[in-house]
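The values are calculated or read from the model by the stated rules, or taken from the named source; none is laboratory data. The shown structure was predicted, so the numbers you read here are calculated from the model rather than taken from an experiment. For neighbour counting, all protein chains shown are included, and Cβ atoms are generated from backbone atoms with ideal geometry for every residue, glycine included.
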Amino acid sequence: MYDLRVLTILFALAQVLCQAVFVPEQLKQLEQSDAYGGEAGAQTMFQQVAYESRSVVQDGVTYQLVTHPAFEAYQLRITEPCLCDPTVKQYSGYLDITNGKHLFFWFFESRRSPAEDPLTLWLNGGPGCSSVTGLLFELGPCQIANDGLNTTWNEFSWNRHSNMIFLDQPVNVGYSYSDDGSEVSTTPAAANDVYAFLQLFLHAFPTYAAAPFHVAAESYGGTYAPHIAAVLFAKNLQLQEQGTPFLRRVRLESVILANGITDPYVQMASLPDYVCEGPYPVYGDPHGPECRALRSAVPTCQRLISICYDFDSPLTCAPAQSYCFKNLFDPVIQSGINPYDVRKKCDREKDGALCYVSLDWIQTWMNNPATRRALGVNPALTFQSCNTDMGRAFAANGDGMRNSARLLPQLINSGVRLLVYAGNADMGCNFMGNEAWVTRLENRFHDEFEQAKPILWTPLTADRVAGEVRTAGGGGYTAGNVTFVQIYEAGHMAPHDQPDALLDLYTRWIMNVPLVMDA
């Protein structure tokens, strides 16, 4: 029997040791890199002038405070936790914004070669759901377990070959907060904050600055990620034109959209086909009254979304969101199925609001005082996996009916790769709608993708077919420039359902090797 007092002392000592050894890399070395804009000879001088780091104590936690004169409205507070995966270096803390907003992040180094591996930003959706959901329930270094009392090692974590950042955005998501309780209620408002975060983070830790950078986002993140990628792309062009030597070019390599909502006009129309004639039909008769009612709602839904696309405002977009959800989503949800995995039923009193009881375990673990203390979180804050108030605020603006796919062609045409994957048991962001909008997307690979036939995909780590791949670009020698993957036997959170297959997919994608080896 372990002595609880001894364990407590050892845990506290581990935290002290973690804090004691933590110094941002920028204080230990000045590293010259082509990740900077401008002349190489000026890099070291500008690094010294532009970047500042000092220790501060706030809420009883010692942080390194990172600032930069180009981002006077922002500062980065960083601490070093010892949680989840003790085999890798971790950082957590906050991006503080002068308008009283604070975005929480948690970073894990790659288990393989941190200095050589890519850097990926992971975002969950909602809107209003914490990216810690992805960390602890899907693809992070550890998985929530035992009613939220502890976590377990995840051998299929995406940080096997990649450095990973999990960011809670917009404000009031997870452990992110605002001083006055105010909220962000539109997607574009958060993208510039993410750019500032990356600049400060990469100045503090230049080891990762030269790494290829991927934006990966799930669910409503299919709306977030294109906006963030578009801002990064525009800022990189600006750096190239202006030659600003004390800012870093973020090496945007790809956008990864996981069971996302990106082009509502196309995706909303796919819902009747999916629930009536998909691989796991919700209704027994595809021509029965339920299916006829759903199909009859599609023309009005699409007409309202078209108005939102053409005249973007809350007055035009909110009615579209209200009508489409009421007439397409709500009837199916009321049937008692789990909308995130239609193979299952959902009893929200027993299974929780999101139909997975283990998601409630995340709140239990994240609200443990020891977890808060290790992550550098104010002990007065309460962690919520999903903020329903934020979801309502975004809905009131009709944010979910806007077309984020329109931002992608410029990126694709300039060499940024696009991967869209979807589990085939997810209803809301189903694979049919995702494949349809990717097929329609106008870009230089459009014709090739339109003609591409699905090819069965077998992970290298498993003796089974895990899905189907359609791809364009790369000539069969790479993972492609525009790629869609249908994941078999997986729901909305595919890495939770098929962890080994999704790690295989992600690893091949970031290494840019063919997803189908005999293609």
Task: residue 384 being among the polar types (S, T, N, Q) and either in a strand (DSSP E or B) or modelled with pLDDT of 95 or more (or both) - done: no
Task: Qualifying position, being within 30 Å of residue 345 (Cβ to Cβ), in contact with a strand residue (DSSP E or B) (Cβ under 8 Å, 6 or more places away or on another chain) and buried (at least 24 other Cβ atoms within 10 Å of the Cβ), among 424, 434 - done: 434
Open item on the list: Take residue 170 and tell me if it is in contact with a Ser or Thr (Cβ under 7 Å, 6 or more places away or on another chain) and in a loop (DSSP other than H, G, I, E, B).
Closed with: no
- [ ] Please identify the pairs in which a residue from segment 364-379 that is under 14 Å from residue 82 (Cα atoms) has its Cβ atom under 6 Å from the Cβ atom of a residue that is surrounded by fewer than 15 Cβ atoms within 10 Å (Cβ to Cβ) and of a type in the set (A, V, I, L, M), counting only partners at least 6 apart or on another chain.
- [x] none
TODO: Give segment 232-249 a look and list any residue that's more than 25 Å from residue 485 (Cβ to Cβ), buried (at least 18 other Cβ atoms within 10 Å of the Cβ), among the hydrophobic types (A, V, I, L, M, F, W, C) and within 21 Å of the chain's Cα centre (by Cα), or say none.
DONE: none
Open item on the list: One residue is enough: does segment 63-78 have a residue meeting the conditions surrounded by 19 or more Cβ atoms within 10 Å (Cβ to Cβ), among the β-branched types (Val, Ile, Thr), closer than 26 Å to residue 359 by Cα and in contact with a Phe, Trp or Tyr (Cβ under 7 Å, 6 or more places away or on another chain)?
Closed with: no
Task: Close pairs from segment 432-446: first without any contact (Cβ under 8 Å) to a residue 40 or more places away in the chain, partner of a type in the set (S, T, N, Q) and assigned to a loop (DSSP other than H, G, I, E, B), Cβ under 6 Å, at least 6 apart - done: 445/481
- [ ] Starting from segment 109-129, keep only residues that are over 11 Å from residue 211 (Cα atoms), then list their pairs with residues that are among the acidic types (Asp, Glu) and surrounded by 23 or more Cβ atoms within 10 Å (Cβ to Cβ) whose Cβ atoms are within a distance under 6 Å, requiring at least 6 positions of separation or different chains.
- [x] 124/218; 125/218
Open item on the list: Just to verify a result, which residue in segment 144-174, among those that are without any contact (Cβ under 8 Å) to a residue 60 or more places away in the chain and surrounded by 23 or more Cβ atoms within 10 Å (Cβ to Cβ), is nearest to the chain's Cα centre (by Cα)?
Closed with: 164
Task: Matching entry among 285, 312, 341, 330 (being on the phi < 0 side of the Ramachandran plot, under 23 Å from the mean Cα position of the chain (by Cα) and charged (D, E, K, R)) - done: 341
Task: From 72, 116, 39, residue being at pLDDT 95 or above and of a type in the set (D, E, K, R) - done: 116
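Check whether at least one residue in segment 463-470 is over 23 Å from residue 127 (Cβ atoms) and at pLDDT below 95, and report yes or no.
Yes: segment 463-470 contains one or more residues that are over 23 Å from residue 127 (Cβ atoms) and at pLDDT below 95.
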TODO: Evaluate segment 251-260: report whether one residue or more is at positive phi and either in a helix (DSSP H, G or I) or in contact (Cβ under 8 Å) with a residue 24 or more places away in the chain (or both).
DONE: yes
Open item on the list: So, in segment 93-102, how many residues would count as being closer than 14 Å to residue 132 by Cα and either surrounded by fewer than 22 Cβ atoms within 10 Å (Cβ to Cβ) or at pLDDT below 95 (or both)?
Closed with: 0
Open item on the list: With in contact (Cβ under 8 Å) with a residue 60 or more places away in the chain, of a type outside the set (Asp, Glu) and not in a loop (DSSP other than H, G, I, E, B) as the only criterion, which of 230, 293 stands out?
Closed with: 230
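I'd like to check which helices (runs of 4 or more DSSP H) are fully inside segment 387-482 and have at least 1 residues that are of a type in the set (S, T, N, Q), under 24 Å from residue 353 (Cβ atoms) and touching a helix residue (DSSP H, G or I) at 6+ places or on another chain (Cβ under 6 Å).
Output list is empty.
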TODO: Among the residues of segment 339-360, write down those that are in a helix (DSSP H, G or I) and either more than 18 Å from residue 492 (Cβ to Cβ) or not hydrophobic (A, V, I, L, M, F, W, C) (or both).
DONE: 348, 349, 350, 351, 358, 360
Task: Which numbered condition residue 345 fails, given (1) free of Cβ contacts under 8 Å to residues at least 60 places away in the same chain; (2) out of contact with any strand residue (DSSP E or B) (no Cβ under 7 Å at 6 or more places or on another chain) - done: (2)
